[in-house]
Amino acid sequence: MFDIFSLKDFTFPKDFFWGSGYAGHQVEGNNIHSQRWQMEVDGNWNEKSGMACNSYELYKKDIELVTSLGHQAFRTSVEWSRIEPHEGEFNQEAIEHYVNLFRELKEKGVKVFATLVHVSYPTWFHNMGGFSKMENLAYFERYVDYIVPKIAPYVDYWNVINEHNLWGDIDGKLNSVRFHARGYHVIKKYSKAPVSTAHALVFCQPYRAHDKWDKFMAENFDMCNNEFFFHAVRTGELVFPFRDVIYDKELKDCVDYWSINTYVRRIADCRNSRGIGKKYDTAVMNMIDIDFYLKEFNPECIIHNLSRLTDKPVIITENGCSCNDDRFRIVWLCEYLKALEEAIKMGVDVKGYLYWSLLDNYEWSSFLPRFGMVDCDFKTFERTPKPSAYFYKEIIENNGFSQKILRKYLKELPTLEYKGE
């Protein structure tokens, strides 16, 4: 961490907007027709999503939180597995649910970000090969063509897919770019709102800064997880190591803005069979009670990440801190927002920032990681805003940071309790 009490006050552009988000499977509960639910059952996971935050029933409470905390934008997903639980069968009740959700957000004056696939999708689609088979594009296109016109009147920004670039299945990763492009063009039939796909932009640096092998591994990671997507959008050419190139005219300019999810860096170590190095011991902070990928502060990754994206507007659609002590979240916001302000001064056209996430929720395999500005009791589903929620509210009201705001919520830098041997 850095000494945030030394930060000078800073502000954001006049038209900058602020908000938060979450994803359907992580909060709604009982998403029983999704492949993620099936994975939880088949894998006999210790922690299953179950009722999650019960947001499918309690979405109005979440909207109340969004508005009372001053958020100007909110991102959430439509769960395809609810819309089309069985192949070719569409659930009218689920459709009405999402229409009502987006309509109420819109009526409250909140900018709506709709994601069409956020990690989870129908089990039947998964069993057919999912995104790994290009012949399944027709099923995806049918879904997009079905749901988009129903929610389009209420959507201000679209995300077709979330974090496809981190998928381990290379066929699925590459195909998803073309799925995205088709989704982009279908959406454009019904909506003038900007369209993108949320890209997990992970800054990768060599474990040994000047070692040519580690530098090669870092560059390879960047090409295979970041640049392949940016290049496809900019040129229409889908390039990937040891694969024949694909030219697809639908790819070129198939995003209207760069939707960026950014958290921390990845260390590249060519002397490790996986190519992934360990975090530097000097940077590690175990802020929750399990080993978790997000255990360091590295705000400069935002500057490194965004300085390459000056050709289109940028929106931060995810950025957040997982911690048990909410004071770390306040420190995180100070540091990462300062880095974001520096990227803007460098010429990146950043339009808005969405903190991840509104609620503590199900982090795909566990309830232990706590990203939320709002605590959720997973038994009673009571929602309780944390101090960071009110700190963020004042950041929004002032469109920037000041020491006056900070010192109202934080008197000293937090530390991790020493638990002995």
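Just so it is clear, none of the values below were taken in a lab; they were calculated from the coordinates. Please read these numbers as outputs of a predicted model, since none were measured by experiment. FYI the Cβ positions are ideal-geometry reconstructions off the backbone, even for glycines, and counts take in every protein chain you see.
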- Query: Picking from A268, P385, N361, whose Cα lies most toward the positive end of the charge dipole for the range 15-388 (charges on Cβ: Lys, Arg +1; Asp, Glu -1)?
  - Reply: A268
- Query: Taking the Cα centre of the range 308-385 as origin and charging only Cβ (+1 Lys, Arg; -1 Asp, Glu), how large is the dipole, in debye to the nearest 20?
  - Reply: 180 debye
- Query: How large is the dipole of the chain about the Cα centre if only Lys and Arg carry +1 and Asp and Glu carry -1, each at its Cβ, rounded to the nearest 20 debye?
  - Reply: 900 debye
- Message: Taking the Cα centre as origin and putting +1 on Lys and Arg beta-carbons and -1 on Asp and Glu beta-carbons, what dipole magnitude results for the range 89-224, to the nearest 20 debye?
- Response: 440 debye
- Take the Cβ-Cβ distance between I170 and S6 as r, set R0 to 41 Å, and report the resulting FRET efficiency rounded to the nearest 0.05. 0.35
- Taking springs between alpha-carbon atoms closer than 10 angstrom, which of K278, K111, K386 fluctuates most in the Gaussian network model of the chain? K278
- In whole percents, the bins of 5 Å from zero upward hold the Cα-Cα pairs of the range 126-228 as 2, 12, 19, 18, 15, 13, 8, 6, 4, 2, 1
- Using 7 Å Cα-to-Cβ label points, what is the V284/S365 separation (nm, one decimal)? 1.8 nm
- Treat each spin label as a single point 7 Å out from the Cα along the C-beta direction, and report the T415 to D248 distance in nm. 5.4 nm
- Long pairs among K215/K279; K111/K295; K8/K393, criterion Cα-Cα beyond 24 Å: K111/K295
- Message: Past 18 Å, Cα to Cα: identify those pairs from K106/K192; K351/K386; K61/K386; K150/K192, in the order given.
- Response: K351/K386
- Could you tell me whether the range 226-332 comes out rounded, prolate or oblate from its Cα gyration tensor? Rule is a ≥ b ≥ c as square roots of the eigenvalues, rounded for a/c under 1.5, then prolate if a/b exceeds b/c, otherwise oblate. oblate
- Task: At a Cα cut-off below 18 Å, give the lysines reachable from K249, other chains included and same-chain residues fewer than 8 away excluded.
- Result: K188, K189
- Where a ≥ b ≥ c are the square roots of the eigenvalues of the C-alpha gyration tensor, would you call the range 55-199 rounded, which needs a/c under 1.5, or, failing that, prolate if a/b is larger than b/c, or oblate? prolate
- Query: Under a straight-distance cross-link criterion of Cα-Cα below 16 Å, which aspartates and glutamates are reachable from K379, leaving out those fewer than 8 residues away in the same chain?
  - Reply: E28, E47, E57, D360
- Cβ-based charge dipole, the chain, positive-most Cα from G88, Y139, M128: Y139
- When the distances between all Cα atoms of the range 15-388 are binned every 10 Å from zero, what whole-number percent does each bin get? 5, 24, 35, 28, 8, 0
- Given N159, M39, F401, which one lies farthest toward the positive end of the charge dipole of the chain, if we put +1 on the Cβ of every Lys and Arg and -1 on the Cβ of every Asp and Glu? F401
- Amide H neighbours of K111 at under 5 Å, excluding residues fewer than 5 places away on the same chain, with H built from the backbone geometry, are A73, F74
- Could you work out the mean projected area of the convex hull around the alpha carbons of the range 175-280, in square nanometres to one decimal? 7.7 nm²
